[in-house]
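FYI, it's all coordinate maths here, none of it is from the lab. Predicted model only: the values in this text are computed from it and were never measured. Cβ placement follows ideal geometry from the backbone for every residue including glycine, while neighbour counts extend to all protein chains displayed.
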Amino acid sequence: MRPIAPLGPVTRRRPVDDPAVRLFFFHHAGGSHLLYRGWTRHFPDDWDICLLDAPGRGNAQALPLIDNCADLVAFFDDTLTPLLNRPFAFFGHSVGARVAYGLTRRLADTNRQLPLWLGVSSFRAPQPDAAGPPLGRSLESDAALRDWLRDTGGAPDRLLSDDSLWNAFAPVLRGDLGLADTWDRDPPGTPLPVPLTVFGGADDTVVVRHQLLTWPRLTDNFLGLHTYSGAHFYLTDHREELTRRITRTVGALLHP
């Protein structure tokens, strides 16, 4: 069995040097590549599955945190460019959807190779005129943030009740919520020439259905909205269904 690729922002549980496609997974606020633990084995053997860590967590814990969306997109641009020499696709959950979209937009704006497909999960499209207070500002107190995580299922009970774990986790999460708050600063631009699929939880109270439906105007090839039972982290209970759908979608684009 081949060893796991070295630690760093990209974790490849089953590295493939000459893959049919590379599929990159971007995690949620406060999260890490562990959101996608166990997903690799559900994809074809000739697909290179790349699980990403933003700086300051997971296998990139030694790197300093980044608290600005544009800077994080630039970080992943620099990090992933050597791996974009094969057909590739992006999937991002929650704030990870924002980063995956931002990186796709950056590649388009610089006339580089684009992903075969972009999957965005549990996050809304950019809206410069979005109403309401920034999420990070509305959750400034520890009590408000913990209550929000309990309501959304965004963290295990042990983390929320153990002060030592919480004190290590909270700064990372707050930084990531700040990333979400910079989402709407730039206009969305012209529709991307990239097939795009939207995913969400039917019972999600953080990002509701009408917010998910803000995505079609940002692509010239919208492949639909797919919802599953569950709240903001619905995907933890639907791993096999999601990986089957992603495999079918990307496979069809690889071999039209």
For the chain, the Debye formula with one identical point scatterer on each Cα and no solvent gives log10 I(q)/I(0) at q = 0.13, 0.14, 0.16 Å⁻¹ as -0.80, -0.94, -1.28
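Can you give the FRET efficiency for residue 143 and residue 209, using 1/(1 + (r/R0)^6), R0 = 25 Å, r = Cβ-Cβ distance, to the nearest 0.05? Present the calculation step by step, with values, prior to reporting the outcome.
Values: r = 29 Å, r/R0 = 1.16.
For R0 = 25 Å, the calculated efficiency reads 0.30.
Over the chain, what relative contact order in percent results from Cα pairs under 8 Å that are six or more residues apart?
This gives 19 percent for the chain.
Tell me what the chain gives for mean residue ellipticity at 222 nm when only DSSP H runs of n ≥ 4 count, each as -39,500 (n - 2.57), the sum divided by the residue total, rounded to 500 deg cm²/dmol.
Numbers: 8 runs with 86 residues, N = 256.
The per-residue figure over the chain is -10000 deg cm²/dmol.
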So residue 150 and residue 227, fully extended at 0.36 nm per residue minus their Cα-Cα distance, gain in nm 25.6 nm
Rounded to one decimal in nm, the spacing of the 7 Å Cα→Cβ label points at residue 85 and residue 127 is 4.3
Charge dipole of the chain built from unit charges on the beta carbon (Lys, Arg +1; Asp, Glu -1), centred at mean Cα; most positive-end Cα among 115, 161, 256 is 256
Expressed in nanometres to one decimal, the distance between label points 7 Å along Cα→Cβ at residue 254 and residue 157 is 4.2
Ranked output for segments 88-98, 160-170, 15-25 by mean other Cβ atoms within 10 Å, highest leading, reads 88-98, 15-25, 160-170
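Cβ under 9 Å from residue 234's Cβ, residue 234 left aside: what net charge do those residues give with Lys, Arg +1 and Asp, Glu -1?
-3
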Cβ-Cβ cut-off under 11 Å around residue 199, Lys and Arg +1, Asp and Glu -1: the net charge is -1
